[in-house]
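Structure incoming, see below.
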Amino acid sequence: MCTVYLVTFVFILTAEQCFSKLMEDSGQNLMERMQTGKTSFIYFGNHVNPTIELFIEQLQMSADALEDYGIAVVMVNCSKDDIAKYCTGEKLLTKAYLFRGSEVLRSFDIDTVFDVNAIVSHVLFSVLFNEVLYVHTPAELLGVESAAKQNSDIVVGHIPVLGLPEHRALMETAFVYGTKYQFVQTTGSLVLKRMGVVNPSSSQARLWFLHCKSVSLQSDPCPSTAMSKPINTINIHTFLQLMEAPLVTEAVTDPSEVDVVHIHLSVPVLYLFSQPQTQHLDRDTAQTVALQLRGEVGVVLIHRDNPKVKTPLKYNAAYRLPQEDVKYFTLSAPEEVVKLFKETLLQKDKTEDEEEDDEHWSDLDILDDEVSESVYRDRDLMLDLEPVTELTADTFQTAIKQNEITVVLFYFKWDAVCMAFIQSYVEVAEAVEDVNGVELAAVDCGEWTDICRDQNITSFPTVLIYCPKAAAAQPYRGMMGTKSLQRFILLSLVSTPVHLSSSAEVMSFLEGDLYRKYVYLTPVRVLGLFSSMQDMGVSSFEEAARLLRGETIIGLFAHKEAAKWVEGLSVNLPALLVSHGPALPHQVFSLPSSLATDHVKLIQRVELERFPELTVENLPWYLELEKPLLLLFIGKEESTESTRSLAEINQLLGSGQLDFFLPCWIHLGRTPVGRSILEKYLGFVPPLPSLVISQIKTGGEVFLFPSERPLKAENILRWIHDVEDRHEQPAGLIPDVKWGPPVPFFDFLAIMDQEAPTYAAQKAPKTKNGGRENHKEQNHVTPNQSQGPHPSANPQAPRRHSEL
């Protein structure tokens with residue numbers, strides 16, 4: 001029979017691939033379709049690139065799935081038919097639309113509907129928008145329960161991430177059973193506490209059945225039963241059938257002769273025997289046990305006063321596992337049988353399921369890490385290193401001496417991280433091809449081991465920048481991406497520190513007139529002020545500037561006129577003068593220490609902006625300040641309201657009333673992970689722009705600015721005071737969980753922590769690892785990782801891997 005099922009499955013799969021239900025409409029067909037009033041999921045496109053091609057494949061599969069729900073999946077070729085509004089503009093190729101007739105129910109970015117599960121779940125959720133209620137808070141769920149009492153039971157699904165298979169399973173079930181049960185969906189952690197989840201920060205999908213139909217009093221809560229098995233369509237269907245089954249079935253025959261729905265659903269069955277003289281008590285016991293095992297075990301009460309019951313009197317209970325015979329035993333208390341199932345029999349089944357899952361994962365050889373996945377995806381692509389000079393033992397020394405700067409990548413061809421980064425490296429080489437004095441080169445350490453040994457390269461990939469005038473190579477410690485490396489290379493062309501000889505040159509330096517072409521790379525100018533070149537701290541400052549080459553532009557003014565720049569201020573020489581741009585006031589700081597490492601830490605701290613846009617690159621630097629965040633989330637498409645909100649917070653910065661906070665903002669278009677942070681904070685995504693206060697620390701409270709109030713300066717201040725006075729209720733909590741890898745063997749963060757040396761060790765000439773360890777951290781672009789040199793500047797500083 002298994003062979004028949006397999007052949008049938010292969011035939012169906014082949015037939016589906018050959019006869020996809022995806023329709024391609026012309027302009028005329030589209031107009032006719034819209035006049036029918038039927039529901040259609042439509043994608044408009046005019047050409048296909050690799051990303052779109054993958055989406056089209058998923059679209060074809062979704063067409064077959066959505067046909068069962070009466071929803072057509074259609075593709076319109078805009079090259080053939082120019083459909084007004086949909087075949088023009090920037091959103092062409094990146095949007096899909098759900099129509100009911102000619103009305104657009106909703107539009108989707110194709111990165112939201114990324115596969116067949118995401119397409120089906122999002123489309124069905126939109127179609128069922130009025131039937132499947134979305135709740136954010138326990139209070140909203142209580143309102144749904146109150147309305148359902150005496151009317152219908154409720155199915156509550158917690159789906160941490162929309163668009164995954166669990167979301168699809170819930171929506172498909174809601175489509176079938178929506179008239180019988182009230183379906184509720186939530187993504188927030190607050191509702192989990194209401195449902196009794198011990199660890200509400202867990203990302204596991206869950207489902208409950210709320211028995212509200214039998215509750216008559218409004219003051220009584222609806223009893224709930226949690227589904228213990230993973231969320232998929234079959235398990236939900238089975239679970240709902242179990243909820244419809246009697247809590248206790250009564251029978252007058254031996255257990256082996258009893259036929260209950262649980263046996264057909266492959267669910268364990270517990271048999272309890274009743275004596276005539278204790279029948280009432282036995283029935284209560286069976287009810288109590290059944291309530292504790294509901295949804296996992298069926299309970300049957302067998303009356304011994306019938307001659308058909310031939311079980312020996314020494315047994316008062318029995319159980320039957322799926323595909324097994326009945327086993328008899330004797331129990332002395334109801335708690336024993338609950339413990340037997342909870343701790344032994346049911347756990348045994350779960351363990352077997354987990355072992356099967358482990359084998360399944362092993363067979364699929366899933367690559368969860370982003371870097372490994374990208375390498376696996378591009379495994380058949382040949383490396384094109386044409387813009388990069390490949391160095392050998394004969395050409396290495398000559399190459400690093402003949403250019404103003406020579407950037408050298410040391411890599412292994414078989415290393416996953418190297419292969420992922422080398423694509424970005426080639427892009428940088430192409431971008432700086434016309435820049436005089438810059439050459440990008442590479443050394444294959446698998447072939448030229450002597451070069452890598454002489455340069456003390458032991459981790460890969462490593463990028464070193466060589467300057468003929470510098471005593472040692474400069475390690476690159478930034479993000480392993482195109483923009484970050486390109487910025488570092490261009491800033492490395494600026495000699496550091498820039499020696500200034502007059503106050504006029506100082507003004508030109510601070511205003512950005514010197515090195516004007518690098519303003520777009522960094523508006524910040526840092527200037528060391530000393531009374532003369534003989535000051536003790538000058539050499540340390542010069543060393544600090546060398547260590548920070550490529551990261552910022554640093555000047556040195558060691559002159560008797562330096563005192564004029566700190567006149568009237570509470571700062572004496574030596575001092576640090578910082579300019580964040582021509583229109584902004586200068587900041588002045590003391591330089592009490594003569595240690596280069598202390599200068600490095602101070603320079604990196606004072607470079608931070610007062611109202612920064614948080615990005616993956618700069619996030620860890622701001623988290624080091626350990627201030628509560630006053631964080632504004634702005635949508636992908638900048639609006640007038642977003643611009644106004646930024647201006648209102650900027651207006652408050654000078655008042656000093658925000659000094660306790662770190663005012664900052666995230667643009668979800670440029671930093672998409674901000675959406676995940678917002679969902680972690682609140683459990684849902686409110687209308688944007690949205691302002692929150694986050695206490696940063698794990699378990700800290702998150703407060704949401706009321707959406708009904710305008711985001712104006714006076715309203716923001718009043719809200720902050722209400723939060724401080726505890727007049728505002730928190731909208732969420734920062735989960736007590738790290739954003740770790742999906743599986744343990746991809747825990748690169750742990751490996752990095754073991755390898756990472758101190759900042760000084762990275763900076764010293766001829767380091768053992770060539771500075772590789774710290775920039776190795778940049779392989780994962782996540783909001784919870786330490787980035788760049790700053791977190792390591794203090795060897796005692798904690799490494800911050802937790803989320804906002």
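What are the GluC sites (Glu not before Pro) within region 674-736 that DSSP puts in a loop, where the Cβ has at most 13 other Cβ atoms within 10 Å?
Counting only loop positions with at most 13 other Cβ atoms within 10 Å, the GluC sites (Glu not before Pro) in region 674-736 are Glu708.
Moving to a separate point now. Just to confirm a number: summing +1 for Lys and Arg and -1 for Asp and Glu over residues other than Gln28 whose beta-carbon lies under 12 angstrom from that of Gln28, what do you get?
Residues near Gln28 contribute -1 overall.
Further question: Just to be sure I understand the model, the point goes 7 Å from the Cα along the line to the Cβ. What's the resulting Asn235 to Asn77 distance in nm?
4.3
Net charge near Lys712, counting Lys/Arg +1 and Asp/Glu -1 over other residues with Cβ under 12 Å of its Cβ?
Net of charged neighbours comes to 0.
Could I ask something else about it? Once you have the alpha carbon radius of gyration of region 128-242, what is it after dividing by 2.2 N^0.38 Å, with N set to its residue count? Walk me through the numbers before you get to the answer.
Details: Rg = 13.0 Å, N = 115, 2.2 N^0.38 = 13.4 Å.
Normalised by 2.2 N^0.38 Å, the Cα Rg of region 128-242 equals 0.98.
Something else: Taking 0.36 nm per residue of separation and subtracting the Cα-Cα distance, what length does fully extending Asn572 through Ala226 add?
Net length gain for the segment: 117.8 nm.
Hey, what's the Cα Rg ratio for region 84-151 versus the globular rule of thumb, 2.2 N^0.38 Å? Before the final figure, lay out each step's value.
Working: Rg = 16.5 Å, N = 68, 2.2 N^0.38 = 10.9 Å.
In units of the 2.2 N^0.38 Å rule of thumb, it is 1.51.
Looking at region 120-272, what % of its DSSP beta bridges pair antiparallel, to the nearest 5?
50
Here's something else I'd like to know. Among residues other than Ala251 whose Cβ falls under 10 Å from its Cβ, what is the net charge (Lys/Arg +1, Asp/Glu -1)?
So the surrounding residues net to -3.
Take peptides 683-693, 165-175 and line them up by average Cβ neighbours within 10 Å, highest first, as a rough protection proxy.
Top of the packing list down: 165-175, 683-693.
Using the beta-carbon distance between Gln218 and Asp454 and R0 = 60 Å, what value does 1/(1 + (r/R0)^6) give for FRET efficiency, to the nearest 0.05?
0.15
Something else now. Testing the spin-label approximation: label points 7 Å from Cα along Cα→Cβ at His721 and Glu57. State their distance in nm.
6.0
Structure shown: which of Lys517/Lys564; Lys95/Lys483; Lys193/Lys229 lie over 23 Å apart, alpha-carbon to alpha-carbon?
In this structure, Lys517/Lys564; Lys95/Lys483 lie more than 23 Å apart at Cα.
For a quick check: with amide H placed at 1.01 Å from N, whose amide H comes under 5 Å from Val132's, ignoring anything fewer than 5 positions away on the same chain?
Long-range HN contacts for Val132: none found.
Another question about this same structure. On a full-extension model of 0.36 nm per residue, what is the gain between Ala393 and His280, subtracting their alpha-carbon distance, rounded to one decimal in nm?
Working: separation 113, 0.36 × 113 = 40.68 nm, distance 9.20 nm.
This chain segment gains 31.5 nm when fully extended.
Now, a different point. Ratio to report: Rg/Rh of region 494-606, with Cα atoms as the point set and Rh obtained by the Kirkwood method; give two decimals.
Expressed as Rg/Rh, it is 0.92.
Okay, moving on. Please list the non-local residues whose amide H lies under 5 Å from the amide H of Ile553, H modeled 1.01 Å from N, same-chain partners needing a gap of 5 or more.
Sorted by chain and number, the residues that satisfy this are Val526.
Bear in mind these aren't lab numbers, they're just calculated from the coordinates by the rules spelled out. A quick note: this is a predicted structure, and the numbers were derived from the prediction, not measured. Neighbour counts are summed over all protein chains in view; Cβ atoms, including those assigned to glycine, are modelled from backbone coordinates with ideal geometry.
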